[in-house]
Every structure is written in structure tokens, then in C-alpha cells.
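**Student:** Can you read through this structure? Questions will come right after.
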């Protein structure tokens with residue numbers, strides 16, 4: 001399997017520099033901001049799985065985009081990752097470490113404009129549909145981040161699964177039938193399940209969101225626009241139309257390599273094992289379904305690719321095609337058997353690395369960069385590209401220099417915050433993980449891109465130097481873990497609860513925000 005390595009950059013960097021200048025021209029560029037939930041590096045431009053079928057993502061890359069081969073999330077699960085990207089502040093700054101914590105309960109977010117709000121404050125028309133912010137229940141209605149946009153529509157619901165083709169660990173169902181008795185069907189998180197939907201793609205939620213966005217791109221806007229569109233798949237459950245399972249009918253789908261003793265060299269300070277295989281992995285293993293789960297994830301990825309294709313085709317035929325910055329991003333990575341686990345919420349590269357692709361107006365030809373960047377950098381980068389007033393208090397930094405020259409000197413490691421006191425660090429060669437209980441891992445990604453050999457127990461001087469350099473990025477102090485959203489919403493008459501009242505126009509007062 002391919003993982004990020006130093007790349008041979010063949011594109012002309014002077015051409016990229018001209019495109020960067022074009023993006024900051026006197027005519028403000030639009031921004032099309034596309035999130036794809038739980039999309040890992042398996043798509044064609046990133047080479048994570050050799051059997052992935054993602055023609056639209058591949059065409060987007062090849063037509064002209066910067067492909068960030070070493071991009072990582074600020075938090076390895078939906079809520080913290082999206083809260084960090086959209087607020088511009090790391091989880092270690094806000095205390096937003098888990099999905100239960102609503103970003104509106106952070107004082108920083110209450111007083112600072114989120115990414116779309118900052119664009120609205122500075123002359124952009126903001127519009128959104130689909131999953132951009134992480135959703136939270138509230139006493140006054142569901143909080144989907146609607147308060148951050150001038151135009152917002154709720155995400156479209158999908159269609160149900162055909163139970164004759166259902167696989168579900170939680171329900172212990174295999175191909176629509178009860179599976180053998182298992183001790184690994186404990187519930188927790190999103191249901192681990194897959195199967196074909198009852199209806200065609202035209203009736204599914206993400207596809208309908210894509211069609212709606214395609215219609216919006218044909219509009220004439222009085223202002224430059226910031227359009228944020230979120231696709232929910234390949235998030236669990238992997239319920240997608242049968243045609244996307246059938247894409248792989250002639251392909252003998254195989255899981256990526258799995259090392260069964262991969263966790264044995266990850267030991268806590270007391271010498272005991274830090275991790276064990278997850279229920280998802282063990283249920284699939286005992287039923288010989290790991291390859292089938294791989295097929296299902298690939299089908300969901302191909303479905304998301306088809307939805308993106310609707311959107312990109314509409315942009316190309318729109319009056320905005322030549323003056324729109326396009327950002328396509330996943331919110332974190334996703335394990336499919338590696339480290340004997342499925343899902344996310346881990347510090348290994350499979351969970352922290354995700355696709356990030358940026359196209360500037362006038363860009364032609366694919367560019368790749370191995371420079372380490374982070375989703376936390378998107379807010380200041382877009383400010384830079386659109387020539388908006390600087391916002392120096394943000395935690396990220398603009399990677400505009402990398403867009404101008406993918407080989408530019410860039411000695412900035414990237415950090416994924418795991419929880420209070422724990423973090424995962426990357427540069428172009430090394431991976432270092434330090435947990436809040438003192439457990440440590442370090443990997444040489446050039447020699448060991450799958451992170452199979454934990455070098456922590458035998459640190460050479462070179463390894464020790466790498467660890468010291470990366471560990472210096474970890475904050476000396478982490479913000480205390482934020483309040484649980486259910487507790488914080490107890491006062492339904494609070495000012496912040498009112499912001500998401502479904503009976504009111506969902507609009508925060510931008511003049512009061514920094």
C-alpha cells in the first residue's frame with residue numbers, strides 16, 4: 001500500500017505562483033468548500049487502496065489542483081476536527097476534544113467568528129447545505145451550525161437499507177440473516193453496518209444535496225460567495241445504492257495488509273499492552289468479513305465520488321468556473337483493519353491523514369506536495385488567498401507558500417490532538433504519539449509507512465532527536481475538557497441556546513464577533 005513519501009514534483013512552480021496571484025486579484029474569488037465525511041486516503045489521488053474507483057476525484061486532481069499528500073486533522077473524530085477547522089483554534093486551545101462537546105460552549109467561539117462568519121463579515125455571501133459543522137442536540141432544536149451561514153438548508157435525509165442485503169455487527173446480521181452467536185455485538189457509536197439502499201442514487205440524501213448545490217452554482221450573486229457543501233458518506237453505516245457495490249463486481253476486493261501482532265509493541269509505562277483488537281475487527285474476523293467490509297467502504301467512497309462529480313460538473317458549466325477556489329477535504333482518516341481496528345479516533349496515520357486538495361483559479365495540471373499541513377491551517381490559508389484582513393490569533397498558519405511552490409522549505413510539523421494531554425505529531429519522515437498516560441510510539445515513515453515497528457523501546461540518537469523535535473510542538477498546557485453539550489444546554493433561555501432556535505432566523509450578530 002502506498003503512503004506519503006517525498007514526491008518528485010514535476011509541475012512548474014512558477015505557474016503555481018501565478019495562480020496564487022490570480023486567486024488574490026482585484027476580483028475577489030469565490031470559495032467552494034466541500035467536506036466528505038470519514039473519507040480516508042483510499043481515493044485514487046492518494047493511492048491508499050489500489051482498487052478504489054474514484055474517477056471524479058481523480059479528474060479533479062489531474063485537471064489542476066494541489067494534492068496535499070501529508071495533510072492531517074486537528075482531532076481524529078468528526079466533532080473536534082470540524083470545530084477546530086471552522087473555529088481556527090485547536091482542541092488543546094478550546095477544550096473541545098470529543099463529539100459530545102458543542103463548539104458554541106467555548107468562550108473563544110462565542111467571541112470569535114467562525115470561518116464562514118468571517119467571510120460574511122468581509123463581504124462574502126455564505127451559503128450551505130449538508131454536514132459542515134458537527135451536529136448537536138439542543139433544548140431549542142438541532143444545532144447543525146445553521147447560525148454560521150446567511151443561507152442554510154438542513155441536510156437531506158437518505159433512504160433506508162434493503163434488509164435482504166444487510167450486514168450489521170450491532171444486530172449480528174449477515175446478508176440479511178442472523179449470524180452465529182458472537183460476543184462482539186456490543187453497541188457503541190454509529191452502527192457498524194452496510195448494504196444497498198432501497199432506492200436509486202437520485203433518491204439518496206448526498207446526491208440530492210449535490211443536485212441542490214449544482215443549481216445554486218448557476219445563480220448570479222451580487223457578492224463573492226462562500227459555499228460550503230457537506231457529503232455524509234462514507235460515514236457509517238455504509239448504505240449506498242447497489243450500483244456502487246456493483247462497480248466492484250469484477251474486482252476481487254481485498255483488505256489492505258493487516259499485521260495480527262501489530263499492537264504487541266505498544267506498551268504503557270507499566271509494561272502492559274496499551275491496546276487490544278476492537279469489537280468491529282473481531283466480529284468481522286470471526287465471520288471472515290474483512291474483505292466484504294472493505295468492499296462496502298469502497299462502494300461508499302465511490303458513491304461520494306459520484307456526488308462530488310455532480311457538483312464539479314455544475315461548477316465547470318457555471319459563470320463562476322474561472323473565479324472560484326475549490327477546497328475538497330475529509331475530516332479525518334479511517335481505519336479498515338489496520339492496528340486491528342475499524343473506525344477513527346486514534347493517533348495513527350490511518351486516522352489522522354485525510355484527503356486535502358485545493359484548486360486555485362487558472363491552475364492547470366496536478367501538483368503534489370509532501371509538506372506537512374493540517375486542517376487547522378485552512379482558515380488562515382483562505383483568508384490569505386482571498387486577501388481578507390489577517391486574523392493572527394488563529395492557531396493555524398497559511399500554507400499559501402506551499403501552494404505557490406510545493407517544494408518550498410516548510411519546517412513545520414503537524415499535530416493532531418487526541419484528548420487532554422495526548423497528541424500525535426508528523427513531519428515528512430517521523431510519526432510520534434504521546435498519550436495522556438505517558439505511553440509513547442515513534443515510527444520512521446520512510447522505512448515503515450504502515451507504522452508496524454514502534455521504535456520507542458529502542459531509540460537511536462536519530463530517533464531520539466526526531467522525538468525531541470516533534471515533542472516540542474505539544475502544548476505545555478491543554479485547555480480543560482469542555483462541558484458536555486447536554487449539560488450546557490440545560491438553560492434553554494440562554495443567549496447561545498437562542499442562536500439555534502429553529503423558530504428564529506439562524507444568524508449570529510457578526511459585528512459583535514472578532
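**Student:** Ranked highest first by average number of other Cβ atoms within 10 Å, how do 132-142, 466-476, 292-302 line up? Walk me through the numbers on the way to the answer.
**Tutor:** Numbers: 132-142: 19.2, 466-476: 15.0, 292-302: 24.5.
Per-residue Cβ counts within 10 Å, averaged per peptide and sorted highest first, yield 292-302, 132-142, 466-476.
**Student:** Please report the relative contact order for the stretch 201-340, taking Cα pairs under 8 Å with a sequence separation of at least 6, and give it as a percent rounded to a whole number. Don't jump to the answer; show the numbers that get you there.
**Tutor:** On the way: 117 pairs, mean separation 58.8, N = 140.
Computed value for the stretch 201-340: 42 percent relative contact order.
**Student:** Cα centroid distance between the stretch 415-438 and the stretch 196-263, in Å?
**Tutor:** Result: 30 Å between the Cα centres.
**Student:** Sticking with this structure for a sec: Rounded, prolate or oblate: pick one for the stretch 174-249, where a ≥ b ≥ c are the square roots of the eigenvalues of its C-alpha gyration tensor, a/c under 1.5 means rounded, and failing that, prolate if a/b is larger than b/c, else oblate. The partial results should precede the final answer.
**Tutor:** On the way: a/c = 4.43, a/b = 2.23, b/c = 1.99.
Verdict is prolate for the stretch 174-249.
**Student:** Now a separate question. How big is the stretch 218-331 by the Kirkwood estimate over distinct Cα pairs, in Å? Show your work: numbers first, answer last.
**Tutor:** Working: mean 1/r = 0.0555 Å⁻¹.
Evaluated on the stretch 218-331, it is 18.0 Å.
**Student:** I need the peptides 340-348, 252-260, 30-38 ranked by packing, meaning the mean over residues of other C-beta atoms within 10 angstrom, with the highest value on top. Mind showing how you got there, number by number?
**Tutor:** Working: 340-348: 22.3, 252-260: 13.8, 30-38: 24.8.
Ranking the peptides 340-348, 252-260, 30-38 by packing returns 30-38, 340-348, 252-260.
**Student:** Let me ask something else about it. Give the Debye-formula value of log10 I(q)/I(0) at each listed q (0.13, 0.28 Å⁻¹), with one equal scatterer per alpha carbon of the stretch 348-417, two decimals each.
**Tutor:** So the normalised log intensities work out to -0.40, -1.50.
**Student:** Suppose the chain between residue 265 and residue 321 were pulled fully straight at 0.36 nm per residue; how much longer would it get relative to their current alpha carbon spacing?
**Tutor:** Extra length from residue 265 to residue 321 when fully extended: 15.1 nm.
**Student:** So for the stretch 96-208, Kirkwood radius off the Cα pairs, Stokes-Einstein at 4 °C and 1.567 mPa s: how many µm² s⁻¹? Walk me through the numbers before you get to the answer.
**Tutor:** Numbers: Rh = 17.4 Å.
After rounding, the answer is 75 µm²/s.
**Student:** Report the extension gain between residue 62 and residue 215 in nm, rounded to one decimal, defined as 0.36 nm multiplied by the number of residues separating them, less their alpha carbon distance. Intermediate results must be reported in sequence, preceding the final value.
**Tutor:** Details: separation 153, 0.36 × 153 = 55.08 nm, distance 2.49 nm.
Additional length available on full extension: 52.6 nm.
**Student:** Can you give the FRET efficiency for residue 272 and residue 142, using 1/(1 + (r/R0)^6), R0 = 51 Å, r = Cβ-Cβ distance, to the nearest 0.05?
**Tutor:** On the way: r = 42 Å, r/R0 = 0.82.
According to the calculation, E is roughly 0.75.
**Student:** Right, another one. As a test, work out the antiparallel percent of DSSP beta bridges whose residues both lie in the chain, rounded to the nearest 5. Intermediate results must be reported in sequence, preceding the final value.
**Tutor:** On the way: 31 of 63 bridges.
Among the beta bridges of the chain, antiparallel pairing accounts for roughly 50 percent.
**Student:** Can you give the percent of C-alpha pairs in the chain whose distance is more than 39 Å? The partial results should precede the final answer.
**Tutor:** On the way: 26947 of 131841 pairs.
So the portion of pairs separated by more than 39 Å is 20 percent.
**Student:** Distance between the C-alpha centers of the stretch 59-137 and the stretch 304-359? Whole Å please.
**Tutor:** 14
**Student:** If you split all Cα-Cα distances of the stretch 285-417 into 5 Å bins from zero, what percentages do you get per bin, shortest first?
**Tutor:** Calculated P(r), rounded to whole percents: 2, 8, 14, 17, 18, 15, 13, 7, 4, 2, 1, 0.
**Student:** Then there is this: How high is the relative contact order of the stretch 86-212, in percent, counting Cα pairs under 8 Å that sit 6 or more residues apart? Walk me through the numbers on the way to the answer.
**Tutor:** Details: 157 pairs, mean separation 23.8, N = 127.
Result for the stretch 86-212 is 19 percent.
**Student:** Right, here's the next one. Give or take rounding to whole Å, what are the principal axis extents of the alpha carbon atoms in the stretch 26-92, in descending order?
**Tutor:** Principal axes ranked by extent give 38, 36, 18 Å for the Cα atoms.
A short reminder: the numbers here are calculations on the coordinates, not readings from a lab. It should be emphasised that the depicted structure is a prediction, and the values quoted were computed from it without experimental measurement. Every residue, glycine as well, gets a Cβ built from its backbone with ideal geometry; the counts of neighbours run over all protein chains shown.
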